[in-house]
Every structure is written in structure tokens, then in C-alpha cells.
1. Identify the single condition in (1) among the charged types (D, E, K, R); (2) more than 24 Å from LEU164 (Cβ to Cβ); (3) touching a strand residue (DSSP E or B) at 6+ places or on another chain (Cβ under 6 Å) that LYS88 does not satisfy, given that it satisfies every other one.
2. Just name the residue that is farthest from HIS207 (Cα to Cα) out of those in segment 158-173 that are open to solvent by less than 40 Å² (accessible area, probe 1.4 Å) and modelled with pLDDT of 85 or more.
3. Go through segment 138-152 and give me each residue that's open to solvent by less than 10 Å² (accessible area, probe 1.4 Å) and either farther than 15 Å from LYS122 by Cβ or in contact with a Phe, Trp or Tyr (Cβ under 6 Å, 6 or more places away or on another chain) (or both).
4. Yes or no: GLY104 within 16 Å of SER196 (Cα to Cα) and assigned to a loop (DSSP other than H, G, I, E, B)?
5. Residues in segment 1-36 that are free of Cβ contacts under 8 Å to residues at least 40 places away in the same chain, part of a helix (DSSP H, G or I) and under 20 Å from LEU231 (Cβ atoms): how many?
6. Of everything in segment 198-225, what is part of a helix (DSSP H, G or I), over 13 Å from PRO174 (Cβ atoms) and in contact (Cβ under 8 Å) with a residue 12 or more places away in the chain? Give them in sequence order.
7. Return the only residue of SER109, SER30 being polar (S, T, N, Q) and crowded, with 17+ Cβ neighbours inside 10 Å.
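The values are calculated or read from the model by the stated rules, or taken from the named source; none is laboratory data. Given the structure is predicted, the values throughout are model-derived calculations rather than measurements. Neighbour counts run over all protein chains shown; Cβ positions are idealised from the backbone, glycine included. Accessible surface areas use protein heavy atoms only, side chains included; no ligands, DNA or RNA. Shrake-Rupley method; radii C 1.70, N 1.55, O 1.52, S 1.80 Å.
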Amino acid sequence: MTKPNPFRRFRTHPEIIRLAVMLYVRFPLSLRNVEDLLHERGIDVCHETVRYWWHRFGPMFAAEIRKRRIEGMRSSQWRWHLDEMFVKINGEMHYLWRAVDHEGEVLESFVTKTRDKKAALKFFKKAMKKHGRAGVLVTDQLRSYGAALKEIGAADRHETGRWLNNRAENSHLPFRRRERAMQRFRRIRSLQMFASVHASVTNHFNHERSLSSRNLFKQNRAAALAEWRELGAA
């Protein structure tokens, strides 16, 4: 059965919509920055239209990316790095829990109001439901991690250390840059949605440039762009 075309009611070409969504999610740009960049390319689009496109198509594109990548990761016994970020929503502190694999790919993002055992347990169950059980789980010294892992029977695979979790700490940087450009968030729901979409897009275009030759990097980048241009196609 052929799935319906998600762009069928839009007068704008799908390629422009994909470009606008990619610019907004992938790079630390505001909606008006994206509007100006499109204008330089001869595309007259209001920044509110870009906002609508990102809300409408961002989660859909991210879901397609995750679906294509997740099957090869479910049976892995990889090393996971887990950490939580402080994020303010309307002046109130919240916590963005993130799981990153040994290659720096973001596996899961989850927002909570607390960072206690209950929140950590919920985060672990959500991540493991999608990606299976990790071989090793590396965290910081937060006691909530140890208590939650003990309850699910994974305490023997738990590692902590001052420098062991640098992989997770470094993975926060792209999101922090994006957060500043957006001038923070207003609702938990919008933070959860953007964190999930941003993680998928970052994974899709992250090619570990420092670890590959120039030719291989160019090939991977071209393949990622070609795959992006197919998202949402009927």
C-alpha cells in the first residue's frame, strides 16, 4: 500500500521544505536567520512558515531517520554513556537525560522535572525498550543512576569515573549551542520534541570528520544529503 504524500497540500516544493527544516534543526540559527538564508537563494518565505514547517515535518523526518538506523543497533552490546543536562523552562529547572553510544551517537533524550531514582528508572526503561541492553553503562556519580540500575539488575555493568563520561559531556555541546540560538524553551513538550528531532538530525549528519579522510568524509556527507532529500517521499 502506497503511503500518502505528506506534502500534497503544500504549494511549496518539498525540496525547499526539507532545506528549511534542515537549516533550522541542524545549525544554531533562528527562524529569521533561516528566512534570510532562503531569501538569499531567491525563496520568499516568512519565518512563521519555517516554524510551521519545522513543527509539522521535523518529527516526521526524525522518525524516518530513527527507523532506518535503529534496527542495526537493537542487538548491540555497546558501551553507553549517560548524563543529564540542566535546562530552564520559564525560569524553572528541568533535566534533559541523554544516552550516547561509544561513537557519540545520541540514542535517547528524555525530559523530567526531577533527577531522582524514579526519573532515572523511567529513562533507562525507555532507552532499553528501543535499543536493547547495553554491554556497559557509564555515568557520573549521581546516586540515582546506581539505584535505578540496581533495580533493573544492571548494577554489574555500571561504571563511573571522573573522565570516563567525557563522551556524553561533549555530546551536549551542539544542543547547548542550539538552545542559546532558540533563546531557551517555554514548555516541556516543545523541549522534548526538539531534543528528539535534533538528536536524530545530528546523528544523521555526524560523520566523525576528524577520524576519516577527506574523500571518505565527502562521500558520507553526499550520501547523508541524498538520503535527507528522500525523507517524506511517497
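1. Every condition holds for LYS88 apart from (3).
2. Taking segment 158-173 first, the residues open to solvent by less than 40 Å² (accessible area, probe 1.4 Å) are 161, 165, 168, 171-172.
Then drop every residue that is not modelled with pLDDT of 85 or more, which leaves 165, 168, 171-172.
Values: ASN165: 21, ALA168: 17, SER171: 14, HIS172: 17 Å.
Taking the candidates together, the pick is ASN165.
3. At the first step, the residues of segment 138-152 found to be open to solvent by less than 10 Å² (accessible area, probe 1.4 Å) are 138-139, 145, 148-149.
Matches in segment 138-152: VAL138, THR139, ALA148.
4. Details: within 16 Å of SER196 (Cα to Cα): yes; assigned to a loop (DSSP other than H, G, I, E, B): yes.
Judged against the criteria, GLY104 is a match.
5. 6
6. Step one: of segment 198-225, the residues part of a helix (DSSP H, G or I) are 198-205, 209-211, 214-225.
Checking which are over 13 Å from PRO174 (Cβ atoms) leaves us with 209-211, 214-225.
Correct list: ASN220, ARG221, ALA224.
7. Numbers: SER30 fails: crowded, with 17+ Cβ neighbours inside 10 Å.
Exactly one of SER109, SER30 is polar (S, T, N, Q) and crowded, with 17+ Cβ neighbours inside 10 Å, namely SER109.
Here's the yes/no breakdown for (1) touching a Lys or Arg at 6+ places or on another chain (Cβ under 7 Å); (2) assigned to a strand (DSSP E or B):
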| residue | (1), (2) |
| --- | --- |
| LYS126 | no, no |
| ARG133 | no, no |
| LEU137 | yes, yes |
| LEU149 | no, no |
| GLY153 | no, no |
| ARG162 | no, no |
| ALA168 | yes, no |
| LEU173 | no, no |
| ARG189 | no, no |
